[in-house]
Amino acid sequence: MKLKLTYGAKNAEKPILSRIILETGVIMNILEGRITPKAGELIVDVQADREKLQQVITLLKKEGVGVKEIARFIEIDRERCVSCGACVSPCAFGALVQKPNWEVEFIEEKCVGCQICVHACPFGAIRAL
């Protein structure tokens with residue numbers, strides 16, 4: 001599950017994430033982040049079952065971190081998509097691939113939400129959620 005974590009000035013410089021990883025044993029991968037001494041925002045992929053995920057979310061909230069579950073980052077409008085492939089090569093994470101029949105396929109678990117594909121699509125067929 002991907003989570004968007006929002007840090008405020010009170011907790012931006014604390015090692016909250018590393019403490020929670022050590023305490024729970026849950027593996028987390030930071031996909032994107034913007035941190036300053038006053039605030040921050042991270043997108044993390046939490047590799048855990050639902051029970052452990054809830055434990056992580058509870059601990060983060062207890063530390064004053066805003067938590068939002070991210071189900072999906074983008075959506076492809078199949079009516080507008082002509083499978084031109086303009087979105088495929090800019091995607092550094094392989095979340096968009098062109099199948100042998102030329103149809104563009106979105107592999108959700110590889111998406112990090114960078115939205116490069118949204119800007120690359122000349123037909124406006126991809127939108128950020």
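So how much slack lies between Ile30 and Glu75, counting 0.36 nm per residue of separation and subtracting their Cα-Cα distance, in nm? Roughly 14.0 nm would be gained on extension. Ordering Ala120, Gln47, Ser83 by the projection of their Cα atoms onto the charge dipole of the chain, which places +1 on the Cβ of Lys and Arg and -1 on the Cβ of Asp and Glu, puts Gln47 at the extreme positive end. Spin-label pair His119-Met1: with each label point 7 Å from Cα along the Cα-Cβ axis, the two points sit 3.1 nm from one another.
The number of Lys pairs in the chain with C-alpha atoms less than 15 Å apart, excluding pairs fewer than 8 positions apart on the same chain, is 12. For the range 68-100, trypsin sites (Lys or Arg not before Pro) are listed when DSSP marks them as loop and at most 16 other Cβ atoms sit within 10 Å of their Cβ; the list is Arg72, Arg78, Arg80. Of the Cα atoms belonging to the range 74-128, the radius of gyration and Dmax stand at 9.8, 26 Å.
Using Cα atoms only, what is the angle between the long axis of helix 50-62 and the major principal axis of the chain, expressed in degrees (0 to 90) to the nearest 10? Helix 50-62 sits at roughly 60 degrees to that axis.
For Leu53, Leu5, the sequence from fewest to most other C-beta atoms within 10 Å is Leu53, Leu5.
The dipole here belongs to the chain: it is taken about the Cα centre, uses +1 on the Cβ of Lys and Arg and -1 on the Cβ of Asp and Glu, and is about 440 debye. Sorting 12-22, 113-123 by their mean Cβ neighbour count within 10 Å, with the most densely packed peptide first, gives 113-123, 12-22.
Computed over the range 1-112, the Cα gyration tensor eigenvalues convert (square root of 5λ each) into semi-axes of 33, 15, 11 Å, ordered from largest to smallest.
Here, each number is a calculation from the coordinates, and none is a lab measurement. A quick note: this is a predicted structure, and the numbers were derived from the prediction, not measured. Note that we place each Cβ from the backbone using ideal geometry, even for glycine, and neighbour counts take in every protein chain shown.
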